[in-house]
1. What's the number of the only condition in (1) free of Cβ contacts under 8 Å to residues at least 40 places away in the same chain; (2) touching a helix residue (DSSP H, G or I) at 6+ places or on another chain (Cβ under 8 Å); (3) not basic (K, R) that G5 fails to meet?
2. So which of T82, T21, T101 is among the β-branched types (V, I, T) and under 13 Å from L6 (Cα atoms)?
3. Take I53 and tell me if it is part of a helix (DSSP H, G or I), touching a residue at least 40 places away in the same chain (Cβ under 8 Å) and of a type outside the set (F, W, Y).
4. Checking S95 against (1) without any contact (Cβ under 8 Å) to a residue 24 or more places away in the chain; (2) not in a helix (DSSP H, G or I), only one condition comes out false. Which one?
5. Let me confirm something: among D48, D22, D68, D42, which residue is acidic (D, E) and in contact with a helix residue (DSSP H, G or I) (Cβ under 7 Å, 6 or more places away or on another chain)?
6. Among what's in segment 56-70 and is of a type in the set (A, V, I, L, M, F, W, C) and outside any strand (DSSP E or B), pick the residue that is nearest to T101 (Cα to Cα).
7. Residue under question is F36, and the condition is that it be assigned to a loop (DSSP other than H, G, I, E, B) and either closer than 25 Å to T101 by Cα or among the charged types (D, E, K, R) (or both); does it hold?
8. Note down all Cβ pairs under 9 Å where the first residue falls in segment 9-25 and is at negative phi and assigned to a loop (DSSP other than H, G, I, E, B), the second is of a type in the set (F, W, Y) and surrounded by 15 or more Cβ atoms within 10 Å (Cβ to Cβ), and they're at least six residues apart or on different chains.
Amino acid sequence: MGVRGLVFLAFPLHPAGRPGTDRAAHLEEIRIPMLFIQGTRDELASLDLLRPIVALLGSRAALHLLQDADHSFHVPARSGLTDAEVLAAALDNLSDWVDRTCDSIRS
């Protein structure tokens with residue numbers, strides 16, 4: 001279908017307060033590159049659960065963390081960052097990943 005990669009912005013791995021990995025079971029079947037952009041305070045994706053899933057996917061998957069960001073990529077004022085800065089960092093990472101992914105597909 002021409003899809004060259006998938007980007008997950010705040011992948012909802014589980015409901016808030018109910019950690020689990022059932023929602024990720026299908027990811028092993030995906031054979032194209034994947035990028036997960038997640039906030040470190042995302043209550044819908046415990047990093048203790050998400051990191052091993054991304055590792056299991058091997059070179060097909062990459063994880064980019066947004067420090068102090070929640071599921072909506074909002075950061076508290078105490079983080080020293082603004083929401084706009086966090087979104088810019090997410091988009092920069094996404095753009096770099098797309099460039100690298102497209103380059104590797106073309107090679």
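Throughout, read-outs are computed from the coordinates displayed, never taken from laboratory work. Everything quoted here is computed from the prediction, not taken from an experiment. So basically every Cβ, Gly included, is an ideal-geometry build from the backbone, and we count neighbours across all protein chains shown.
1. Status for G5: all satisfied but (1).
2. Exactly one of T82, T21, T101 is among the β-branched types (V, I, T) and under 13 Å from L6 (Cα atoms), namely T101.
3. Yes, satisfied.
4. The one condition S95 does not meet is (2).
5. The conditions single out D68.
6. L57
7. The answer is no for F36.
8. F11/F36
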